[in-house]
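Trainee: Just dropping this structure here.
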Amino acid sequence: MTEPTKYALPVAVATLLALVPLTAPAADKMMEAINEYRELLADGNPSELVAAQGEELWKTRRGPKNATLEQCDLGLGPGVIKGASAQLPRFFKDTGKVQDLETRLMTCMETLQGIEPQAVIKAGWLKGERENMAALVAYVVTESNGHKVKVDLKHPAMKKMYDMGKLAFYYRAGPMDFSCATCHGDEGKRIRMQELPDLRTHEGAIAGWGSWPAYRVSNGQFWTMQHRLNDCYRQQRTAEPIYGSDVTIALSVYLAGKANGGKVVTPGIKR
Amino acid sequence: MKKISTLAALPVALLLALPAAHAADEDAYAEFKAMMDRSFKTTGIAPKHRMYQLDFQKACSQEKQPSKAEMARIEAEQMKTIRYPADGKYFGDWKQGEKIALDGRGLTWTDKTPLNNGGGCYNCHQLSHHEISYGTIGPSLLEYGKARGNTEEIIKYTWGKIYNAKAFNACSNMPRNGDAEILTEQQMKHLMAFLFDPASPVNKK
């Protein structure tokens, strides 16, 4: 799905970003390149190609049950996609669980198509069923662009996940003693030249949560939220969170809860 | 010693949390612990037991810092971990120190070995006159040696801070480079030279 060779410009920018060490002039050049790139993208985001593949997949008969995903219920009723991801995570009665977009899509793949969740969980990033997942995600979130984040924190199961997400956000562990708050718990901080959103605040949360999933210019890849969280845990030097595990859902509820009411800009475009 | 205390930390942390908490909070916290336990796995050099907290990590895992008394207790305990150079020599080669300060790699599950880590100092600190790509989680250390001088007191303090930042601020964001075996004694000596040497770009324009 990520075939950067198809798009000459992203490759040029991506190569520039990947190769230059981050000295100040280079960092300036990088910001310039990204800004120019963003302008060029004003009426065309590279995620569109991924989303188009996702739409095709959505409507393709697949799996042991040879069915499409068109009857998938993302919370607003079977087949309703418009605005659905802006209201995720949410509690689903049929599974008895709070689910984010990706775990919900796994449920649909399993129940409608007979595709085992393990096929997604065990795949590498942007490989096999995980690559299909990314395409489906790109398709679904495009249909929530411009909608407002709306997660129901009054629901007891959601409230519980929010509280657990908060505990996880401040949970320090590993050889560097980091938590999410180490990097996202203060206003206006940077790592090297990379600005860090303060995810404790509504503004920071909507900037961070509300613009993911996103296309990453630096590597020409489309990343889901599970992918984003996984890479932050990697930088945190903890053990690896299992794909779709409850800690990732809890953190998502916490971030979405903080971002509630803010405007979704998905898919985002990132460094 | 370290390995054992890491593994033992989980039950100890839970016990310490009990007296203060209400029954409902205890239940919620037990549920949280169970969630963390089933959500992580070992990958490469990053074993699952990294998720088990040391006592001070747990105390520093809240929105607010612990009480002053608790902070002082942690700091006194962390102070005991600091090992000063056996040969009494604190300074290596500032040029190598600069490389270590710039290198932010190491200890992730995509790294091949738990050895040869960078210090990642530039992720959080401004250090030299010429490197403008620096983070701001920590204070600027520009002209550190020039501003602080090189008394035995400041040299020992700086070594201690790099070795175990928690000895001076219980819930510091700065890693315990020596205590957690992120850097070797020799690497820390190079960083000391980078901070103090008058010829180092930290001090010289």
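The values are calculated or read from the model by the stated rules, or taken from the named source; none is laboratory data. Values in this document were obtained by computation on a predicted structure and should not be read as measured data. Glycine gets a Cβ as well: all are built from the backbone with ideal geometry, and neighbour counts include every protein chain shown. Ligands, DNA and RNA are excluded from the accessible area calculation, which covers all protein heavy atoms including side chains. Shrake-Rupley method; radii C 1.70, N 1.55, O 1.52, S 1.80 Å.
Trainee: In this structure, is B:Tyr122 in a helix (DSSP H, G or I), under 19 Å from B:Pro201 (Cβ atoms) and within 11 Å of chain A (Cβ to nearest Cβ)? Break it down into steps so the answer makes sense when it comes.
Mentor: Values: in a helix (DSSP H, G or I): yes; under 19 Å from B:Pro201 (Cβ atoms): yes; within 11 Å of chain A (Cβ to nearest Cβ): yes.
Judged against the criteria, B:Tyr122 is a match.
Trainee: Could you tell me which residue of region A:235-251 is nearest to the other protein chains (Cβ to nearest Cβ), considering only residues that are of a type in the set (S, T, N, Q) and outside any helix (DSSP H, G or I)? Steps first, please.
Mentor: If we filter region A:235-251 for residues that are of a type in the set (S, T, N, Q), which is where we start, we get A:235-236, A:238, A:245, A:248.
Next, from what is left, pick out any that are outside any helix (DSSP H, G or I): A:238, A:245.
Details: A:Thr238: 5, A:Ser245: 4 Å.
Looking at residues that are of a type in the set (S, T, N, Q) and outside any helix (DSSP H, G or I), I get A:Ser245.
Trainee: Given the criteria surrounded by fewer than 22 Cβ atoms within 10 Å (Cβ to Cβ) and under 11 Å from the mean Cα position of the chain (by Cα), does B:Asn173 qualify? Let's see the steps before the verdict.
Mentor: Values: surrounded by fewer than 22 Cβ atoms within 10 Å (Cβ to Cβ): yes; under 11 Å from the mean Cα position of the chain (by Cα): yes.
Criteria met by B:Asn173.
Trainee: Which one is least open to solvent (accessible area, probe 1.4 Å) among residues in region B:63-81 that are polar (S, T, N, Q) and under 18 Å from the mean Cα position of the chain (by Cα)?
Mentor: From region B:63-81, those polar (S, T, N, Q) are B:65, B:67, B:78, B:81; that's our starting set.
Restricting the remaining residues to those that are under 18 Å from the mean Cα position of the chain (by Cα) gives B:65, B:78, B:81.
Details: B:Gln65: 112, B:Gln78: 16, B:Thr81: 35 Å².
Filtering first and then ranking leaves B:Gln78.
Trainee: Could you list, in sequence order, all residues of region A:254-271 that are β-branched (Val, Ile, Thr) and part of a loop (DSSP other than H, G, I, E, B)?
Mentor: Of everything in region A:254-271, those that are β-branched (Val, Ile, Thr) and part of a loop (DSSP other than H, G, I, E, B) turn out to be A:Val264, A:Val265, A:Thr266.
Trainee: Return the residue satisfying two criteria in turn: it lies in region B:125-164 and is without any contact (Cβ under 8 Å) to a residue 12 or more places away in the chain and within 14 Å of chain A (Cβ to nearest Cβ), and of such residues it is surrounded by the fewest Cβ atoms within 10 Å (Cβ to Cβ).
Mentor: That would be B:Ile132.
Trainee: Further question on the same structure: Across region A:210-237, which residue is nearest to A:Met158 (Cα to Cα) among those that are in contact (Cβ under 8 Å) with a residue 40 or more places away in the chain and out of contact with any Pro (no Cβ under 9 Å at 6 or more places or on another chain)?
Mentor: Looking only at region A:210-237, we keep the residues that are in contact (Cβ under 8 Å) with a residue 40 or more places away in the chain, and these are A:210-227, A:230, A:232, A:235-237.
Then keep just the ones that are out of contact with any Pro (no Cβ under 9 Å at 6 or more places or on another chain); that gives A:210, A:216, A:218, A:232, A:235-236.
Details: A:Gly210: 18, A:Arg216: 30, A:Ser218: 35, A:Cys232: 23, A:Gln235: 27, A:Gln236: 26 Å.
For region A:210-237, the residue satisfying everything is A:Gly210.
Trainee: Of all residues in region B:187-205, how many are over 15 Å from B:Gly106 (Cβ atoms) and either out of contact with any Gly (no Cβ under 6 Å at 6 or more places or on another chain) or free of Cβ contacts under 8 Å to residues at least 60 places away in the same chain (or both)?
Mentor: Step one: list which residues in region B:187-205 are over 15 Å from B:Gly106 (Cβ atoms), which gives B:189-190, B:192-205.
Pick out the ones that are also either out of contact with any Gly (no Cβ under 6 Å at 6 or more places or on another chain) or free of Cβ contacts under 8 Å to residues at least 60 places away in the same chain (or both) and you get B:192, B:197-202, B:204-205.
Qualifying residue count, region B:187-205: 9.
Trainee: Touching a helix residue (DSSP H, G or I) at 6+ places or on another chain (Cβ under 8 Å), over 30 Å from B:Tyr29 (Cα atoms) and not hydrophobic (A, V, I, L, M, F, W, C), is that true of B:Glu98? Walk me through it before giving the result.
Mentor: Numbers: touching a helix residue (DSSP H, G or I) at 6+ places or on another chain (Cβ under 8 Å): yes; over 30 Å from B:Tyr29 (Cα atoms): yes; not hydrophobic (A, V, I, L, M, F, W, C): yes.
For B:Glu98, the condition - touching a helix residue (DSSP H, G or I) at 6+ places or on another chain (Cβ under 8 Å), over 30 Å from B:Tyr29 (Cα atoms) and not hydrophobic (A, V, I, L, M, F, W, C) - is met.
Yes/no per residue for (1) more than 18 Å from A:Gly262 (Cβ to Cβ); (2) in contact with a strand residue (DSSP E or B) (Cβ under 7 Å, 6 or more places away or on another chain); (3) β-branched (Val, Ile, Thr); (4) not assigned by TED's automatic domain parsing to the domain that holds A:Thr238:
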residue	(1), (2), (3), (4)
A:Lys122	yes, no, no, yes
A:Trp125	yes, no, no, yes
A:Lys160	yes, no, no, no
A:Asp163	yes, no, no, no
A:Phe178	yes, no, no, no
A:Glu187	no, no, no, no
A:Gln194	yes, no, no, no
A:Asp198	no, no, no, no
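Trainee: In this structure, is B:Phe91 part of a helix (DSSP H, G or I), among the hydrophobic types (A, V, I, L, M, F, W, C) and touching a residue at least 40 places away in the same chain (Cβ under 8 Å)? Give the derivation first.
Mentor: Details: part of a helix (DSSP H, G or I): no; among the hydrophobic types (A, V, I, L, M, F, W, C): yes; touching a residue at least 40 places away in the same chain (Cβ under 8 Å): yes.
Here the answer is no, as B:Phe91 does not meet what is asked.
Trainee: Now a separate question. Can you report the number of residues in region B:101-120 which are surrounded by fewer than 21 Cβ atoms within 10 Å (Cβ to Cβ) and of a type outside the set (Ser, Thr, Tyr)?
Mentor: Count: 11.
Trainee: Can you name every residue in region B:47-76 that is assigned to a helix (DSSP H, G or I) and within 7 Å of chain A (Cβ to nearest Cβ)? Full working, then the answer.
Mentor: Kept after step one, since they are assigned to a helix (DSSP H, G or I), are these residues of region B:47-76: B:48-51, B:55-59, B:68-76.
Selection gives B:Lys48, B:Arg50, B:Met51, B:Gln57.
Trainee: May I pose another question? Taking the condition of being open to solvent by 20 Å² or more (accessible area, probe 1.4 Å) and under 18 Å from B:Gly118 (Cα atoms), how many residues in region B:82-99 meet it? Talk me through it step by step, then tell me what you get.
Mentor: Taking region B:82-99 and keeping what is open to solvent by 20 Å² or more (accessible area, probe 1.4 Å), we get B:83-84, B:86-96, B:98-99.
Filter once more, keeping what is under 18 Å from B:Gly118 (Cα atoms): B:91-96, B:98-99.
Counting residues in region B:82-99 that are open to solvent by 20 Å² or more (accessible area, probe 1.4 Å) and under 18 Å from B:Gly118 (Cα atoms) gives 8.
Here's the yes/no breakdown for (1) surrounded by 19 or more Cβ atoms within 10 Å (Cβ to Cβ); (2) in contact with a Ser or Thr (Cβ under 9 Å, 6 or more places away or on another chain); (3) closer than 24 Å to A:Thr142 by Cβ; (4) at pLDDT below 95:
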| position | (1), (2), (3), (4) |
| --- | --- |
| A:His184 | yes, no, no, no |
| A:Ala205 | yes, no, yes, no |
| A:Ser218 | no, no, yes, yes |
| A:Thr224 | yes, no, yes, no |
| A:Val253 | yes, no, yes, no |
| A:Ala256 | yes, no, yes, no |
| A:Asn260 | no, no, yes, no |
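Trainee: Considering only residues of region A:168-193 that are touching a residue at least 40 places away in the same chain (Cβ under 8 Å) and in a helix (DSSP H, G or I), which is farthest from the other protein chains (Cβ to nearest Cβ)?
Mentor: Among those residues, the one meeting the criterion is A:Cys180.
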